[in-house]
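First comes the structure, then the notes that go with it.
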Amino acid sequence: MNVLTTTNATMRFGGITAVDDFNLAIAHDEIVAIIGPNGAGKTTAFNMITGHHLPAAGRIHYAADGERMMDITGKRPDQITKLGLARTFQNIRLFKEQTVLDNVRIGMHLRLKSGFPEVVIGSPRYRREERAMRERTLELLELVGLADEALETATSLPYGKQRRLEIARALATRPKLLLLDEPAAGMNPKETEDLTEFVFSLRAKLNLAILLIEHHMQIVMDISDRLYVLDYGKTIFTGTPAQAQNDPAVIQAYLGVEEDEP
């Protein structure tokens, strides 16, 4: 069963079509990658799915908790996140002066049931929720390998661990679909290798579907079940990583060679 589909999703900026008739389907247990040259429309596709851009045409449907598909086209980013889609960004967006622990706890406030007056007076329900949030935060930090740095400020972490912290904060919203925008950007070879194992572990331990944008082709080939290749906003390939490696259109898009060249 699919957790997300896009049907003819199209995004235009003025007279420029950034994404054209994008048709995507992700099963509930898949890791799917969107790849393509710079400017291909990958992040724009993410922004349509997560409510940061309203598509000029097409629809986006999502199945929360295995239920029937619902149309989420035009919903606000916070509404979409609450339904169970969480994302990270190409440029890390942490609360830099807050602790690692607090960065993750902030992500959990989306699920807080206590109202503002209860928070102010510290009602019994709010105190119970606070304890539960702290316990869950520590569990997530253990999962991403940051438990020992819980009280450190976010900016004190090395780059690879900041990436993991951003993923932990996204996981704090309890997603069914996790969208990762270039998670390996800026990582050294060891961090990149660790990331591959980490993404696999997230799917296995949390029963997540994962959609990622990534320029690091070794990661894409190692972890993706399927991939979509965009070029100038159009989908030029859909299939497995192994099939993509031998597809003439994919090779031309990345290498800029003519198909009849030797």
Quiz item: Quick one: in segment 91-135, which of the residues that are closer than 14 Å to Arg174 by Cα and of a type in the set (A, V, I, L, M, F, W, C) is modelled with the highest pLDDT?
Solution: Val104
Quiz item: For residues in segment 19-39 being of a type in the set (Gly, Ala, Ser) and in contact with a helix residue (DSSP H, G or I) (Cβ under 8 Å, 6 or more places away or on another chain), which is nearest to Thr196 (Cα to Cα)?
Solution: Ala33
Quiz prompt | Candidates Thr10, Thr50 - the one that is under 15 Å from Thr235 (Cβ atoms), in the same structural domain as Phe200 (by TED's automatic domain parsing) and among the hydroxyl-bearing types (Ser, Thr, Tyr) | solution = Thr10
Quiz item: Out of (1) small (Gly, Ala, Ser); (2) closer than 26 Å to Glu139 by Cβ; (3) surrounded by 18 or more Cβ atoms within 10 Å (Cβ to Cβ), the odd one out for Ala18 is which?
Solution: (2)
Practice problem: Within segment 24-43, identify whether any single residue is at pLDDT 95 or above and among the polar types (S, T, N, Q), and answer yes or no. | Solution: no
Exercise. Name every residue in segment 151-185 that is of a type in the set (D, E, K, R) and either closer than 15 Å to Leu140 by Cβ or at pLDDT 90 or above (or both), in order of residue number.
Key: Glu152, Lys161, Arg163, Arg164, Glu166, Arg169, Arg174, Lys176, Asp181
Quiz item: What number goes with the only condition from (1) modelled with pLDDT of 90 or more; (2) in the same structural domain as Arg105 (by TED's automatic domain parsing) that Ile213 does not pass?
Solution: (2)
Exercise. Examine segment 220-241 for a residue that is over 23 Å from Thr7 (Cβ atoms), crowded, with 20+ Cβ neighbours inside 10 Å, in the same structural domain as Tyr62 (by TED's automatic domain parsing) and under 16 Å from the mean Cα position of the chain (by Cα), and state whether such a residue exists.
Key: yes
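Let's see how each residue does on (1) part of a strand (DSSP E or B); (2) under 24 Å from Ala9 (Cα atoms); (3) of a type in the set (D, E, K, R):
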| site | (1), (2), (3) |
| --- | --- |
| Pro175 | no, yes, no |
| Lys205 | no, no, yes |
| Val220 | no, yes, no |
| Val229 | yes, yes, no |
| Ala253 | no, yes, no |
Quiz item: Is there any pair linking a residue in segment 82-94 that is more than 16 Å from Val104 (Cβ to Cβ) to one that is among the hydrophobic types (A, V, I, L, M, F, W, C) and surrounded by 15 or more Cβ atoms within 10 Å (Cβ to Cβ), with Cβ under 6 Å and at least six apart or on different chains, and which?
Solution: Leu83/Ala64; Gly84/Ala64; Leu85/Leu177
Quiz item: What is the one condition in (1) assigned to a helix (DSSP H, G or I); (2) more than 22 Å from the chain's Cα centre (by Cα); (3) surrounded by fewer than 18 Cβ atoms within 10 Å (Cβ to Cβ) that Leu151 does not satisfy?
Solution: (1)
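The values are calculated or read from the model by the stated rules, or taken from the named source; none is laboratory data. The structure presented is a predicted model; accordingly, all values stated were derived computationally and were not measured. All Cβ positions, even for glycine, are placed from backbone atoms using ideal geometry, and neighbour counts span all protein chains on display.
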